[in-house]
Every structure is written in structure tokens, then in C-alpha cells.
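Okay, structure first, notes after.
The values are calculated or read from the model by the stated rules, or taken from the named source; none is laboratory data. These numbers come from a predicted model, not from an experiment. Don't worry about glycine lacking a Cβ; one is built from the backbone with ideal geometry, like all the others, and counts go over all protein chains shown. Side chains included, ligands, DNA and RNA excluded: accessible areas come from the protein's heavy atoms. Shrake-Rupley method; radii C 1.70, N 1.55, O 1.52, S 1.80 Å.
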Amino acid sequence: MKGRSEKNDRTGREDAAAERAAALIREKSSAGRLVSESEIISLLEEERRKCPDSLFTRLPDENEDVHRLSGAGSHFYYSSRHMTEIYARLLLLKLEGPLRLIAETVRRNSCACRRPVPLDLFTQPPFNLTRQEVLDSLAEMSRTEGWEDIAVASTSASVVFLYSRAHLETGHAEMLAEWLDVGQVQNP
Amino acid sequence: MKRMGMRGYGGWAGKVLRVDLSTGRCWTEDTIERYKAYLGGTGIGYKVMWDEVPAGTKPFDPENRIIFAVGPLAGTGAPCNGRTAVTTLWPTCWPEPLVASGHMGGQFAAKLKYAGYDAVVIQGKAAHPVWLMIADQKVEIRDARGIWGQGIRGATAAISGIMGTDAVVAAIGQAGENLVPMSVVMSSVSHSAGGVGSVMGSKKLKAIGVRGSGSIRIEGRKEDWEKLIKYHLTLLGANNQHVVPNSPQPWAEFDNPTSRWNASPGRSWGASAYPVDTGTCDPRDTNRIAYRSNNAAFFLGDIAWRYTVRGNGCTSCPIRCHTMLKVPPVTAKYGISAVGQNTCTGLLFGAAFFKEFPDGPRGMARLEACMVGMNLADDLGIWCNYMQVQRDFKKLYYGGVVEKKLDAREFRSYSWKKYEQGDPAFLFELLPRIAEKKGELGTALGQGTGYMLERWSLSEEEWGKDKDLAYWKMGHPRHHASEDSGQCGLLINLVYNRDPTCHAHTNFLRNGLPLPVQKKIAAEIWGSAEAVDAVGEYKPMHPSKARMAKWSLLRKELHDSLSLCSWMAPWAASPLREREYRGDVSIESMLYKLATGDDKDRGELDQIAERIFLLHRALTIRAMGTKEMRVRHDKIPEWVFTDKSGRPPYTKGTTHLDRNDVQTALDMFYDELGWDRATGAPTRGTYRKFGLGSIAEALAKRNLVPE
């Protein structure tokens with residue numbers, strides 16, 4: 001009986017810890033943030049809760065809205081009640097540094113949406129890079145292997161757009177940049 | 001409070017107010033008896049024009065009518081119901097004036113209904129300047145000699161002083177008084193209907209003031225109506241029904257940098273009493289729809305956020321497409337109010353005259369030019385013709401035409417250096433001269449493109465070769481034509497007598513959703529995913545494109561007749577992921593049915609819309625005196641077929657079209673509409689099908705119906 005009771009207690013504590021972890025994920029997601037495994041462990045330790053061995057398997061299995069992403073050297077969690085997968089992946093890219101963030105965003109837009117994106121997009125929320133950081137990242141890309149496809153198109157209003165040559169041909173990207181920046185404003 | 005309604009129908013107020021300014025007589029007609037088959041708005045406008053204005057009438061003749069008409073949804077709780085259609089003979093339509101409509105937002109439509117009227121039809125010409133006072137059943141033609149010569153703001157204030165702050169005033173400025181064709185009527189000092197100010201001026205009608213104390217009866221059950229309105233609100237996107245945000249948001253699967261949904265955490269109304277952060281604006285939060293769009297920031301750049309006070313707009317519209325700006329430096333610099341408000345072309349009015357600005361294309365000088373432009377144009381009552389006057393001006397000046405056409409004294413009277421340097425003060429020299437018809441340049445620009453070209457012996461054909469100039473035909477520019485919407489946009493632009501102001505097609509194509517999602521929805525509405533292409537990746541003509549074009553133009557007429565905003569409606573897509581981004585193309589009929597009690601479904605309302613547009617076509621054919629519309633009317637400018645890059649049509653990176661393919665498009669479009677392929681004129685059978693047999697007979701007597 002004693003053994004069963006201890007087991008029940010342990011199970012109860014593990015369940016509570018798992019629920020607390022899921023609540024933390026939802027809370028952070030509603031604030032637009034991912035949560036790492038280490039952050040979850042720290043929180044549980046702060047609250048003197050034991051982190052169950054199976055916690056990180058249980059979280060997505062037992063909570064329909066909780067999802068795991070891997071990258072930036074860790075695993076991260078988000079709740080789809082408050083955040084789409086695409087937004088969560090963007091936050092993960094932010095953690096992987098500006099080069100990945102810029103390049104993958106540009107590639108996704110060129111491939112899935114067939115459009116270049118304005119450079120200033122990356123100075124706005126949720127990217128929040130400075131213009132200089134974006135320019136420095138582009139300069140670094142031009143010197144480093146693996147980013148050769150990232151290219152620049154300028155409009156007649158001197159606005160710089162970025163696109164991936166792997167998905168958009170140069171003339172096409174230039175035409176689209178002019179249309180998006182100048183054409184649409186003059187064609188309201 | 002009295003409640004409107006007629007013969008068991010809700011929605012309509014029940015009366016059309018008639019005013020003859022020549023005789024001073026005012027009387028009313030029964031809306032249901034005379035106009036129910038045409039709903040309201042442009043439907044009433046075209047019907048009056050057909051019945052009462054014979055071919056050959058000129059815009060400024062006393063026999064011409066100007067019809068301010070609204071529909072059964074105006075003044076109800078239906079979202080986006082603030083539009084008044086203003087129909088008349090269009091003074092800038094070249095080489096001959098033909099019927100067209102302008103559309104005025106604000107609160108005028110609702111007030112007119114609350115006063116008990118679905119329309120005001122003005123005819124005749126007053127002996128001296130007058131304004132029309134409508135205060136419920138009390139209708140008076142009042143002396144306007146004291147306000148003639150004043151700008152729109154002054155006239156509005158004066159009439160509001162007489163009628164009270166609850167009244168809405170639609171007034172013309174000096175441009176309209178001086179019979180400048182490029183003039184507007186404007187309600188609540190920023191909501192304009194372009195092109196009609198001079199028609200009011202020709203009748204010596206300075207303004208209409210409306211005060212109404214009634215309400216509109218909703219025929220359906222209150223709880224059903226409230227449920228429907230709440231459902232409708234969930235389908236709304238941002239301005240122009242863009243349904244994704246322009247930057248990534250936690251709730252959004254998709255974003256598009258050119259969406260007008262530009263709310264985001266960190267973007268604030270910087271000039272409000274305290275900064276208001278627009279936030280993430282989750283689409284399920286219908287209480288924050290008004291934060292989604294900041295049109296000043298969209299059109300003028302990020303600099304506008306700092307000077308934004310708030311959004312403003314029309315009756316029962318949460319979109320608030322007019323952005324109120326407060327730019328204190330312009331008061332000291334130019335002696336104008338620091339506060340101004342408008343939307344799209346109204347915001348751009350001043351800036352669009354300039355080629356460049358000293359601090360770049362998105363800087364402070366451009367913003368100041370916008371403030372100066374709004375201050376002047378919205379008081380003088382000048383129309384931009386969808387910014388054609390600004391494009392014309394730049395081409396004429398930089399092409400050396402202005403210098404050639406003006407005598408040396410007049411040319412020197414302008415500060416051209418200021419102009420070239422992008423100094424907004426130049427607008428104080430140019431715009432008042434347009435409104436006053438002062439000098440050769442002011443007079444020519446005020447006539448509208450077609451008559452200006454004729455006056456200066458310039459070729460319309462040449463004007464139609466320049467894609468950047470955006471000129472289309474008959475004195476007017478393209479408005480979401482092939483550069484934007486491929487064959488569908490081209491077809492819609494062919495059939496109107498001014499720029500078509502149709503957004504049903506472009507709102508869908510620019511809604512921000514990825515092409516595969518758009519194609520899925522398009523297949524459900526227009527029968528094939530082939531209906532839509534991406535800009536710069538057009539494909540040859542397909543029957544579904546003709547269906548989309550027909551559907552779009554019919555929905556435009558339906559919205560203009562029901563009084564739903566054609567800049568927001570229809571709601572073919574929505575921001576809702578759980579609906580897979582589908583909107584609801586039956587929302588118009590659901591609203592109509594509950595409001596009026598008239599049990600018509602989507603298809604039946606579309607048929608009425610087709611009747612209305614058929615009447616527009618019949619009016620055009622009768623006035624032109626020919627059935628050869630394909631050749632004589634539905635003309636296409638050369639720029640549609642050319643591309644500087646030299647790429648072949650229907651390849652990536654170009655939007656130009658193939659000539660043979662466009663002829664196929666016309667064939668398919670005419671087939672869809674039941675019009676004769678050879679002439680582009682509706683057949684007798686088509687007129688009869690839509691209850692317009694008598695019109696077919698009248699036209700047939702003049703050999704204007706194809707055999």
C-alpha cells in the first residue's frame with residue numbers, strides 16, 4: 001500500500017509539474033515568446049518542483065496546443081493557442097542569428113509567396129534589427145558561402161528589396177519590387 | 001422618433017425627394033413604386049437618367065439631373081454602409097459627356113435616410129446661388145449668395161451654424177462654382193465624390209445640408225440582425241479587405257509587406273492625446289478593427305505614424321480609412337491648419353504633383369506637400385481624377401509642353417525652381433488657379449485630360465502609350481486594370497465612362513494571401529483556379545477570368561446600389577484561418593433580406609445588379625448614338641501591349657498582354673454578359689431577360705440593338 005501511495009504521490013507531483021510547464025508555455029506564447037527546455041527546468045526548480053524525466057515527451061503528447069521546435073542548440077516550445085507555427089519558427093530563427101533570420105525569411109517569401117521583401121521589414125517588429133545590423137549581415141553574407149542566392153533589388157524610390165535568386169529570377173524580382181513599392185502606392 | 005419603411009419593406013426610407021431649381025418646386029416620389037427594381041444608389045441614378053435626360057443633353061444644361069442616391073442598407077447597422085452614389089452626365093468624359101457616378105462617403109447617406117429619403121434628384125438651374133436645406137419633411141431652397149465664393153470648409157461651417165451640428169453638409173468649393181470640370185462635391189469636409197462639383201455649380205447649387213431625426217426599420221428579427229452584423233464583422237479585414245497583416249504577427253499564418261493591415265506592436269498613433277499602440281490586432285477581436293489600417297502610413301511612409309491622431313471614416317464602418325494627421329510645422333511654414341484628414345488619393349493629392357523632394361521620397365517635405373495639398377484641394381474642391389491631373393502635370397512640365405503652351409508672362413509667374421526642388425509652397429501658386437480657371441495652365445488642367453489634350457492639340461494616342469502615365473481612355477485613367485489584375489482588370493476598365501472605381505477584383509488579388517490559397521477560393525467562386533494569376537506571372541485568357549470580371553463589376557453596381565462601400569466589399573476572402581480564409585459572397589443578400597424583408601437570394605440580387613449595369617450600357621449606347629461599342633467605346637491603350645524589358649507577354653516579370661488574347665478575352669466577356677460579340681452591344685434577348693424590353697425597343701428604333 002505504501003509503495004502504491006508513494007507512486008501515486010509521485011505521479012501527482014509529475015502531473016502538476018507538467019501542467020505548470022504547459023501553463024508557462026501558454027503564458028510565454030501569449031506574450032510572443034518561445035520557451036526553452038532549460039527555462040522550463042529553471043522555473044520548476046525555482047518552484048521546488050521536480051522535473052519529471054518524461055516531461056518533454058509528455059508536453060506535446062498530452063497538450064494538443066503545445067508544440068516543440070528544435071534549433072539554436074536546444075528544443076523550444078510554444079502554444080498554438082497564441083502563436084502560429086510560422087511565427088514560432090521565425091522566433092527560432094531570431095535565436096539562430098540575423099544571417100539565418102534574414103536569409104530564411106527572404107527565401108520563404110521568394111519561394112512560397114513569390115515576392116521580394118523590403119529591407120526595412122527587418123527593422124520592424126518582430127525582427128527588430130537595426131538598419132546597420134541588416135546591412136552588416138548582408139555584407140557578411142556576400143563574403144560567406146551558403147548565402148549566394150540572397151540578392152538585392154532597388155526601386156525608383158530608392159527602396160531596397162531582398163530576394164532569393166534560387167526562387168526568383170532577377171528581372172522578375174526587380175519588376176515585383178517596383179510594383180510593390182511604387183506601383184501599388186500610385187495605384188491605390 | 002419616427003421609423004421609416006414603406007409598404008411592408010424595411011431598409012428603404014420610402015421617398016425620393018425631387019427638386020427643380022428652375023421653378024423652386026420640391027416634391028416626392030414613392031421609392032418602392034418607381035425604383036425598387038433598381039434597389040437604390042446608382043440604380044436609381046441610371047433609371048432617372050434614362051427616363052428624364054435625353055441624348056444630346058450636356059452636363060451643364062438645366063435638363064441634366066444630378067442624383068444623390070443611397071440604398072436600403074444605408075443608415076442601418078450593416079458594416080461599411082456610408083456611401084452615397086452621385087450620378088450625372090460626366091463633364092470630364094471626352095470627347096462627349098456620358099453618364100457616370102461618383103461615390104461620397106461620410107455620414108450623408110445615413111442622414112438622408114433618417115430625414116426620410118432614399119435619393120435627392122436635382123434638376124433645373126437656380127436664378128442665383130442657393131443651397132438646399134433638408135430637415136426631415138422640411139425642405140427649403142435657401143439663398144446661398146452669402147456663401148458663394150467661399151471654400152468648402154467655410155460653406156460647411158456656415159450651413160452647420162444654421163442647421164446645427166447634427167446636420168451633414170455636402171458642398172462644392174470655388175472649383176465647382178467656376179464650372180471647372182475637375183471638381184468635387186464634398187461631405188463632412190473630406191469625403192468627396194469626384195467630377196460632379198461643376199454640375200452642381202452649373203445649377204447654382206452650393207450645398208445640400210441634411211438633418212434627419214428618423215430611423216430605419218429592420219424587417220427581420222432584432223436578434224437575427226445583430227447576429228448577422230456580428231458575423232459580418234468577423235469577415236472584415238483591413239482597408240480594401242486585405243486579410244493578412246503586413247508584418248508577422250503571432251496569430252497570423254501569412255503576412256504580406258504590402259498589405260494595408262499595418263497595425264503592429266510598436267506602431268503607435270503618435271499625435272493622439274497619448275500614444276496609442278495599434279497592437280497585434282487578432283482578427284477575432286472585432287473591437288479593434290479600427291486599429292488595423294493606417295492609410296497615411298501606408299501611402300506616406302512610416303513617418304506618418306508620428307503625426308497620426310486617429311482614424312476616421314463613414315457611418316457604421318469600423319475600418320476608418322481616413323487618417324487624421326496633425327503636423328504642427330505646417331502651420332508656421334505655410335499658414336495652414338496643422339490638422340488634416342483623408343484617404344489614399346486625397347492624402348496623396350499634393351505630393352503627387354512633384355517628381356522629387358529634397359529629403360527623399362518618404363520624407364518630411366512629401367508629408368508637408370500632402371498637408372498643403374489636402375488643405376487646398378479639399379477647400380477649393382478640386383478633383384484629382386485618380387491622380388491623373390498630377391501625372392499629366394509632371395509629363396507636361398518635364399516634357400516642355402507647359403513652357404510652349406503658356407505665354408512668357410504666365411510661365412514666369414510660376415516659381416518653377418520651387419517646383420523642381422519639391423517645395424510644397426508651389427501648390428499655393430497652382431491649385432487656386434485651377435479652381436479659378438486662371439490663366440492657360442489652370443484652365444487646361446481643370447478641364448480634365450481629354451479636353452486638355454484637345455485644347456493643346458496633343459494626341460490621346462500618345463498619352464495612351466506611356467504606362468507610367470496610366471491614362472486609359474475617354475479622359476480618364478485606368479483603375480486596377482491589366483497592370484494589376486490581368487485580363488480581368490482590363491475588361492472591367494473597358495466598359496465604364498470614367499475610371500471604374502471597382503475594387504471587387506483587386507481587393508481579392510491584393511488581399512495578401514498566397515496564390516495557392518487565393519486559387520482555392522477562386523475556384524469555388526468563379527469555377528476555376530485559373531481565374532487568378534500572380535502579378536508578373538500572367539497566363540493566357542481563361543473563361544473563369546471573364547466570369548470573375550463580370551462578377552466583380554456586377555458586385556460593384558450592387559454595392560453602389562445597396563450602399564455598401566465598393567472600396568471594402570465584397571468579402572470574398574476573410575482573415576479567418578478556421579474558414580480557410582473564405583469570406584462569404586452571400587453576405588450582401590443576407591443583409592438585404594433581413595433589412596428589407598424582400599426574400600431575394602444572392603443570385604437574384606446579382607440579376608438586379610446586371611439590370612442596373614445593363615441600363616448603364618444602354619445609356620452609353622443611346623448617348624453615343626452607335627451600337628459599335630467594341631470599336632468605338634471599349635478601347636484599349638497601347639501601353640497594355642508593351643513592356644520596356646522586351647519580355648514576351650505571359651512570361652515572368654512582365655504584366656503586358658497579347659493583342660489576340662485580349663480579343664479572346666473580349667469575346668468571352670461579351671458572351672458572359674449576353675452582349676453581341678461583333679458590336680459589344682447587349683442583344684434584345686438580354687435586355688428582355690432583365691426586364692428591360694422597353695429599353696431594347698427604344699434603342700432598336702434607332703438601330704442601336706444588334707440584329
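So here's what we get for this one:
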{"read-out": "Heavy-atom accessible surface of the protein assembly as shown: percent carbon and sulfur, 1.4 Å", "value": "48"}
{"read-out": "Cross-link pairs B:111/B:556; B:206/B:333; B:47/B:473 - those with Cα-Cα distance over 29 Å", "value": "B:206/B:333"}
{"read-out": "Where the protein assembly as shown is the region considered: accessible area per residue in Å², 1.4 Å probe", "value": "36"}
{"read-out": "For segment B:461-561, alpha-carbon Rg relative to the globular expectation (2.2 N^0.38 Å, N residues)", "value": "1.06"}
{"read-out": "Shape metrics for segment A:2-85, restricted to C-alpha atoms - Rg then Dmax, Å", "value": "13.3, 46"}
{"read-out": "Positive-end residue, chain B charge dipole about Cα centroid, Cβ charges, pick of B:518, B:633, B:210", "value": "B:210"}
{"read-out": "Stokes-Einstein diffusion coefficient of segment B:15-211, Kirkwood radius over Cα pairs, 10 °C, 1.306 mPa s, in µm²/s", "value": "99"}
{"read-out": "Value in Å of the Kirkwood radius, where segment B:286-334 supplies the Cα pairs that are averaged", "value": "11.6"}
{"read-out": "Evaluated at q = 0.18, 0.20, 0.26, 0.28 Å⁻¹: base-10 log I(q)/I(0), Debye formula over Cα of segment B:49-115", "value": "-0.70, -0.79, -1.02, -1.12"}
{"read-out": "Cα Rg over Rh - segment B:479-700, Kirkwood", "value": "0.97"}
{"read-out": "Inverse of mean 1/r across different Cα pairs in segment B:164-272, Kirkwood, Å", "value": "18.3"}
{"read-out": "Accessible area, probe 1.4 Å, largest first, for residues B:261, A:179", "value": "A:179, B:261"}
{"read-out": "Radius 12 Å from Cβ of residue B:589, net charge of other residues (Lys, Arg +1; Asp, Glu -1)", "value": "-3"}
{"read-out": "Rg/Rh ratio calculated on Cα atoms of segment B:536-668 (Kirkwood radius)", "value": "1.05"}
{"read-out": "Protein-protein interface of segment A:157-188, residues with accessible area decrease of at least 50 Å², isolated chain reference, 1.4 Å probe", "value": "A:172, A:175, A:179, A:184, A:185, A:186, A:187, A:188"}
{"read-out": "Kirkwood-type radius of chain B, with distances r between different C-alpha atoms, in Å", "value": "25.5"}
{"read-out": "Sum of side-chain charges, residue B:103 neighbourhood, beta-carbon under 13 Å (Lys, Arg +1; Asp, Glu -1)", "value": "0"}
{"read-out": "Euclidean distance between Cα centres, segment B:17-72 to segment B:675-692, Å", "value": "24"}
{"read-out": "Residue B:162-residue B:22 FRET efficiency (beta carbon distance; Förster radius 25 Å; 0.05 resolution)", "value": "0.55"}
{"read-out": "Residue B:581 long-range amide H proximity, modeled H, under 5 Å", "value": "B:576"}
{"read-out": "Proximal charge balance of residue B:463 [Cβ under 14 Å; K/R count +1, D/E count -1]", "value": "+1"}
{"read-out": "Amide proton proximity set for residue A:115, modelled H, under 5 Å, gap of 5+", "value": "A:110"}
{"read-out": "Chains B and A together, accessible area buried on both sides, 1.4 angstrom probe, square angstrom", "value": "3100"}
{"read-out": "By accessible area with a 1.4 Å probe, ligands and nucleic acids excluded, highest first: order of B:177, A:133", "value": "A:133, B:177"}
{"read-out": "Å³ per residue enclosed by the Cα convex hull of the protein assembly as shown", "value": "183"}
{"read-out": "Stokes-Einstein diffusion coefficient of segment B:129-200, Kirkwood radius over Cα pairs, 37 °C, 0.692 mPa s, in µm²/s", "value": "268"}
{"read-out": "Computed [θ] at 222 nm, deg cm²/dmol, the protein assembly as shown (DSSP H ≥ 4; -39,500 (n - 2.57); rounded to nearest 500)", "value": "-12000 deg cm²/dmol"}
{"read-out": "For chain A, the Rg and Dmax computed from alpha carbons only, in angstrom", "value": "22.1, 81"}
{"read-out": "Surface/4 of the Cα convex hull for segment A:99-188, nm²", "value": "5.8"}
{"read-out": "Average partner coverage of B:253-260, which counts Cβ from other chains inside 10 Å", "value": "5"}
{"read-out": "Karplus (6.51, -1.76, 1.60) ³J(HN,Hα), θ = phi - 60°, over segment B:648-653, in Hz, Gly and Pro reported as x", "value": "x, x, 6, 10, 5, x"}
{"read-out": "From phi via Karplus (6.51, -1.76, 1.60), per-residue ³J(HN,Hα) for segment A:47-53 in Hz, x at Gly/Pro", "value": "8, 6, 10, 8, 7, x, 4"}
{"read-out": "Over segment B:95-152 - Rg/Rh using Cα atoms and the Kirkwood inverse-distance radius", "value": "1.01"}
{"read-out": "Space enclosed by the convex hull of the alpha-carbon atoms of segment B:263-387, per residue, Å³", "value": "115"}
{"read-out": "Geometric extent, Cα atoms of segment B:238-472 - Rg, Dmax (angstrom)", "value": "19.5, 62"}
{"read-out": "Karplus (6.51, -1.76, 1.60) ³J(HN,Hα), θ = phi - 60°, over segment A:17-26, in Hz, Gly and Pro reported as x", "value": "5, 5, 5, 5, 5, 5, 5, 4, 4, 5"}
{"read-out": "Rounded to whole Å, sorted largest first: equivalent-ellipsoid semi-axes of segment B:230-270, Cα gyration tensor", "value": "18, 13, 11"}
{"read-out": "Amide proton proximity set for residue A:35, modelled H, under 5 Å, gap of 5+", "value": "A:77"}
